[in-house]
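As structure tokens, the structure follows; a few thoughts come after it.
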Number of protein chains: 2
Amino acid sequence: MINAAGRKIADFYPGYGPAVPFKGAFAYAPELHRAAPHVRHNASGKGKKVISSLKEVFQAIPIRDGMTLSFHHHLRNGDAVIKMVCQTAAELGIKDLTIASSGLFPVHSALDEYIRKGVITSLDSSGIMGSLAHIVMDGKLPSPAIVRTHGGRARAIECGQIKIDVAFIAAPVADAWGNATGMEGRAAFGSIGYAIPDAQYAENVVIVTDDLREQHLSRFSIPQTLVDYVVPVPSIGDPAGIATGAIRWTKDPIQLQIARDAVKVVDALGLIRDGYSFQTGTGGISLAYTRFLAQLMGERGVKGGFAVGGITTPVTQMLENGLLQTLFDVQSFDLGAVQSIARNAAHLEMSAGYYASPFNSGCIVNDLDTTIISALEIDRNFNINVLTGNDGAIMAGVGGNPDTAAGANVTIVVSNLLRGRMPSIVDNVHTICTPGETVDVLVTDYGVAVNPRRSDIIDGLNGSGLELHSIDELQAIAETLCGKPKTIPVTDKVVAVVEYRDGTIIDTVHQVAH
Amino acid sequence: MINAAGRKIADFYPGYGPAVPFKGAFAYAPELHRAAPHVRHNASGKGKKVISSLKEVFQAIPIRDGMTLSFHHHLRNGDAVIKMVCQTAAELGIKDLTIASSGLFPVHSALDEYIRKGVITSLDSSGIMGSLAHIVMDGKLPSPAIVRTHGGRARAIECGQIKIDVAFIAAPVADAWGNATGMEGRAAFGSIGYAIPDAQYAENVVIVTDDLREQHLSRFSIPQTLVDYVVPVPSIGDPAGIATGAIRWTKDPIQLQIARDAVKVVDALGLIRDGYSFQTGTGGISLAYTRFLAQLMGERGVKGGFAVGGITTPVTQMLENGLLQTLFDVQSFDLGAVQSIARNAAHLEMSAGYYASPFNSGCIVNDLDTTIISALEIDRNFNINVLTGNDGAIMAGVGGNPDTAAGANVTIVVSNLLRGRMPSIVDNVHTICTPGETVDVLVTDYGVAVNPRRSDIIDGLNGSGLELHSIDELQAIAETLCGKPKTIPVTDKVVAVVEYRDGTIIDTVHQVAH
């Protein structure tokens, strides 16, 4: 069948199950109950949950063939926990595991071996980078990888669609009763927000820590009431891979100009006012946007409301300078953000569900005035691809891109018109991750295009001095400069299904034909 | 059938359902799943949940005959919300409601009328005071009232045994998206911990507030993701009824002596050491215990771990003076505690489940070194009655008494040997609330008795200088002084079932024969 984004979707994907085609960003609201894991009856007590090795945890639960083990990606490319858990599984001869992580990074190339050996047969993640992506693209998994948005992953866990048998939660500090936090310790990473749904709904919860405290923590994010085992290990990861030490400001004049124009768009729409709420990302243009925004708000004496997301140092500075009242942090993106969340009472940790799940009584992305998002490609219908590269292969993740686009009042894509020698605007993006109906404005170095669905924004930008084009005009400029990109030939083999945040299938990734 | 506490329990109680007899404090661990309420699909947005009257909320949900409405008791005897909700129900002609509140106070005599009219036909609470208790005792409810411990109520909600159709959560401050807190506002009451399970598991959640904020709160306890409606009202209650302004220290030399002896017991057992954790109550002896304990710890330079509970000013002073590291607060018992939880980062709010639910991966009462509890009566098997008075009528609540007794390493009952002209020690307590197997030490003004089950404690107290007796000896002293109390005659009619924290029936309250 053809879904509402125009993509052909099968009724069923092996290893995924029945597929519901994407119906429109807000069109699907099925009757569901929340997940109902087994009630545990653990008589807790100091140290009673502490088990000295992962192997003993595997035996205590016990972990069996075919189970789903979940992980979070706050340790990013420094994570050591997924590898050590999978290694334990391999040593115990366990097969057919599903690895459901909120993210998979180049460091997880350590898992390649366990896929080859059949220990891991399924991946479920918001993004896949490095050699694991190659393995997926080569069709070496028996079933398609499942790609979910950050909000969609929370929804799937909270609604019982990802049934987690065991959540392994890396924590830089935990206590002997199981309370755990990301705020302190050698490998502190700040918010542990992506792991909160896992902790709430997994059948078993294991904390893996390299700093086990003998006193009850006075601040924690994962409560002992949800935790069954605590495993001390020598190291949960390499802090150098966890967070970049400092923000790298772009000096590229083109990127700076795009950022300035994005601020102009938001200003022309009258949104930079007291209470203004926004999300920005970690790319060079996004960081420059935040800097220019802060400057403008400071000059005008505007007191913003809140910022959401992946939090970076520039946003924490806005909080500390009184330009914002609250930060909602699902992932602390750099060391400045890690330090801020530990220090500032109004820098709040939030769960992935509070951030972006579409199936609850209202997540916070719904409350955003604006979001600044990136794209690998955008097409004439404003659909965005943030997953697959110029060669048609998975190279990144959908993350919160589709969530924040759906939630924010005004969604702004910032992008150079050309990426290397390729146009950023195409007839059809290779993989639809974020549907065009949720994308409002494209700001490029060759001008601004507004989604025709948003005549209110077009009206708002008239007279702003910004150079407005249709997206077709911008595409024509790009193609004049470097030609029309060729369509990437693919085979019939589906190597990944891309879920929209509501659990419908918005697109699939096919193996590339060579 | 006769349960493990020796009480006769029916197989079934109308309005309650099948009854499982009490089997022993830790003997019952049924296979259960967590509650799974319907998933809501609310597109939130500033003000979209705000509804101007309770009547409109009733119509929007809609609330129908036979539903269960839940409430919390943090407003205590100042609460105005239960009354206004029931009044709305009456005006709309709704019948057969169950009122499931974490507590019912004399102020709730306003509900008498709605019971007479059939609007309310069932009560479910951890305690019932005032005229509602008379109504229950008079058998005017069609089915027995259900009395649950604080931890048992959390368990029942979390495990789907209390199915809440609508949770009405009084909040002194909320924002236009539904985030709510008890920390601020005219009627600030501090921790909102008893309402957290309701918010997590009710089918519908309504915040009732008299201070609606236009900006997202920077600190909140009930997240917008769980909240469906926000109703602004002129007043959620009378702050004068919420908290006593200041602690009333007892000057009674007998009570002071009991408190000193309780400290001596704990000290003789070697528990007053670094990391010591405890719960105390709000009675005169309990408060004096805290004061003497703080003095001793200060003199010796002991750094305690944490205190739990109903938090009072003396405990917050221990935190602020460095005698404790953390407070876990499910209910802030006085204005000093309300101010402390708003001010001190290590004064943590906790849910009723984290406090005391027996059916999770380990609640914090399990981690207590000691708890100091009170009793209306104690019997020769160390069973405790905290529910019914000398006349056999319900006059108070079980609260956290059974929970903390089960959890703590050493449970100490502090009591005058005589209450007025009645012995505190009886052959059989009128109503068993806390089973004797979980009660370790009785400290009275005539000496100390240790439960024979705890030979380790008896050994520990030898040579302490404390006057040790068997409980039978203390009972004999009491009866020498004022005679043996008469057994209270009762009819066959069961007016209340008393659930143990695990959901088994530990006792029932019968109508008193006149």
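The values are calculated or read from the model by the stated rules, or taken from the named source; none is laboratory data. It should be emphasised that the depicted structure is a prediction, and the values quoted were computed from it without experimental measurement. Cβ sites come from the backbone with ideal geometry, for glycine too, and all protein chains shown count toward neighbours. The area values use the complete protein model at the heavy-atom level, side chains included, leaving out ligands, DNA and RNA. Shrake-Rupley method; radii C 1.70, N 1.55, O 1.52, S 1.80 Å.
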Heavy-atom accessible area ranking, 1.4 Å probe, most first, across B:R291, A:R7, B:R155: B:R291, A:R7, B:R155
Accessible area in square angstrom per residue, chain B, 1.4 angstrom probe: 34
q = 0.06, 0.09 Å⁻¹, the protein assembly as shown: log10 I(q)/I(0) [Debye, one scatterer per Cα]: -0.47, -1.00
Amide H contacts under 5 Å for B:V119, placed H, 5+ residues apart: B:D96
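What is the range B:449-506 by shape, rounded, prolate or oblate, if you read a ≥ b ≥ c off the alpha carbon gyration tensor as root eigenvalues and call it rounded for a/c under 1.5, prolate for a/b larger than b/c, and oblate otherwise?
Values: a/c = 4.97, a/b = 1.49, b/c = 3.34.
Cα axes put the range B:449-506 in the oblate bin.
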Acute angle (nearest 10 degrees) that the helix A:81-91 long axis makes with the longest principal axis of chain A, alpha-carbon atoms: 50
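Mind checking the full-extension length gain between A:Q59 and A:D459? Use 0.36 nm per residue of separation minus the Cα-Cα distance, one decimal, nm. Walk me through the intermediate numbers first.
On the way: separation 400, 0.36 × 400 = 144.00 nm, distance 6.40 nm.
Computed gain between A:Q59 and A:D459 is 137.6 nm.
For B:L269, A:L417, give the ranking by accessible area with the largest first, probe 1.4 Å. Intermediate values should be presented prior to the final figure.
On the way: B:L269 45, A:L417 0 Å².
Sorted descending by solvent-accessible area, the residues read B:L269, A:L417.
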Heavy-atom accessible area ranking, 1.4 Å probe, most first, across A:K95, A:K8: A:K8, A:K95
Spin-label model distance (nm) - A:R260 vs B:D11, 7 Å beyond Cα toward Cβ: 8.4
Projected label distance in nm at B:R419 and A:L481, using a 7 Å step from Cα toward the beta-carbon: 8.4
C-alpha center-to-center spacing [the range A:436-514, the range A:84-128] in angstrom: 33
For the range B:100-141, Kirkwood radius (reciprocal of mean inverse C-alpha pair distance, Å): 10.1
Inter-copy separations for B:R219, label at 7 Å along Cα-Cβ, nm, ascending: 1.2
7 Å along Cα→Cβ, label-point gaps from B:E299 to other copies, nm, shortest first: 6.8
18 Å Cα-Cα reach of A:K163 towards lysines, excluding residues that sit fewer than 8 places from it in its own chain: A:K95
B:R260 - accessible surface, heavy atoms, 1.4 Å probe, Å² rounded to 10: 100
For the range A:331-436, alpha-carbon Rg over 2.2 N^0.38 Å: 1.22
In Å, descending, principal axis extents of the Cα set of the range A:185-276: 53, 29, 25
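At 222 nm, what helix-only mean residue ellipticity would chain A give, in deg cm²/dmol to the nearest 500, using -39500 (n - 2.57) for each DSSP H run of four or more? Intermediate values should be presented prior to the final figure.
Values: 15 runs with 130 residues, N = 514.
Roughly -7000 deg cm²/dmol at 222 nm, from the helical runs in chain A.
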Solvent-accessible area, 1.4 Å probe, carbon plus sulfur percent, for chain B: 50
Cα-centred dipole magnitude for chain B, charges only on beta-carbon of K, R (+1) and D, E (-1), debye, nearest 20: 560
Cβ nearest the rotation axis (A onto B), residue from chain A and distance to the nearest whole Å: A:A36, 2
For the range B:34-75, residues shielded by at least 50 square angstrom of accessible area compared with the chain on its own, probe 1.4 Å: B:R34, B:A36, B:H38, B:V39, B:H41
10 Å binning of all Cα-Cα separations within chain B, expressed as whole percents from 0 upward: 4, 20, 30, 27, 14, 5, 1, 0
For B:P62, label point 7 Å along C-beta direction: distances to other copies, nm: 5.6
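Rounded, prolate or oblate: which fits the range A:1-127 when a ≥ b ≥ c are the square roots of the eigenvalues of the alpha-carbon gyration tensor, with rounded for a/c under 1.5 and prolate only if a/b beats b/c? Could you put the intermediate results ahead of the total?
Values: a/c = 2.14, a/b = 1.56, b/c = 1.37.
Prolate.
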Among B:A89, B:V494, B:S361 - extreme Cα towards positive end, dipole of chain B, charges at beta-carbon: B:A89
